[in-house]
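The values are calculated or read from the model by the stated rules, or taken from the named source; none is laboratory data. Worth saying up front: this structure is predicted, and the values here are computed from it rather than measured. In this analysis, Cβ positions are derived from the backbone assuming ideal geometry, glycine residues included, and neighbour counts consider all displayed protein chains. These area figures cover heavy atoms from the full protein model, side chains too; ligands, DNA and RNA do not enter into them. Shrake-Rupley method; radii C 1.70, N 1.55, O 1.52, S 1.80 Å.
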Amino acid sequence: MADLRLAAPAAACWSTTIIGLVAPAPATRVVVGLLVVGAVVACLRSRDPRWRRAAVTVVGVCGIGAAGATIVLLRIAAVDAAPVTETVGKPVVGMTVAGDPMYWPGGKRFTVAVQVDEMSGRAQRPVSARLAASSDIGDLLPGERLSARVRVTRAAEPGRDRLIAADLTATGDIARRGDAPWWQRAAGGVRLRLR
């Protein structure tokens with residue numbers, strides 16, 4: 001017999017996370033409010049022994065769903081308030097590679113997910129961005145530290161990934177400022193041998 005005790009909390013978490021990423025923020029806030037009200041009502045019903053088991057389940061499901069949506073709302077608020085989105089000119093940006101690069105045909109142009117943690121020499125709270133560049137810097141590994149002079153544009157609005165603050169386009173050479181952690185270098189060696 002299948003154990004489905006975690007199915008409802010998992011479904012609540014996934015569905016509210018998707019709602020948070022797709023729906024406007026006010027609609028997500030309404031969903032969080034409804035889940036909190038549902039948890040409070042179930043908590044009140046849990047005093048009656050006939051409803052205790054169901055009420056505890058409803059409190060758990062509503063709480064996990066509300067937590068998932070709230071975390072997404074907080075992440076989106078942090079991205080929208082990121083200083084990188086207000087940048088003018090072409091600053092030198094310090095960043096950490098956050099994913100595997102996608103190379104365009106020809107092998108020199110690539111796009112990679114990065115965490116921007118420094119702008120024009122000033123440290124800032126890390127925020128997700130996308131770096132596009134034409135460079136023969138070689139293979140990039142997650143965790144490597146880079147710096148480059150970039151043109152910053154706000155992430156494209158229609159259908160954009162709401163957790164990406166900006167699109168960065170390197171206007172000059174990209175400099176390596178630090179190696180990836182040892183475990184990423186080891187994984188990169190395994191990937192290279194598999195190729």
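Tabulated data
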quantity	calculated
Degrees between helix 25-45 axis and first principal axis of the chain (Cα, 0 to 90, nearest 10)	30
Acute angle (nearest 10 degrees) that the helix 7-22 long axis makes with the longest principal axis of the chain, alpha-carbon atoms	50
Relative contact order computed over segment 7-165 (Cα-Cα under 8 Å; 6+ residues apart), in percent	22
With all protein chains modelled, accessible area of I18 [1.4 Å, Å²]	100
Loop sites in segment 1-71: trypsin sites (Lys or Arg not before Pro), DSSP, at most 13 other Cβ within 10 Å	R5, R47, R50
Mean separation of Cα contacts under 8 Å (6+ apart) over length of segment 146-195, as relative contact order %	40
Heavy-atom accessible area order for I64, I137, largest first, 1.4 Å probe	I64, I137
Probe 1.4 Å, accessible area per residue of segment 1-123, Å²	63
Accessible surface of D179 - all protein chains present, 1.4 Å probe, nearest 10 Å²	120
Radius of gyration and maximum dimension Dmax of the chain, Cα, Å	22.0, 69
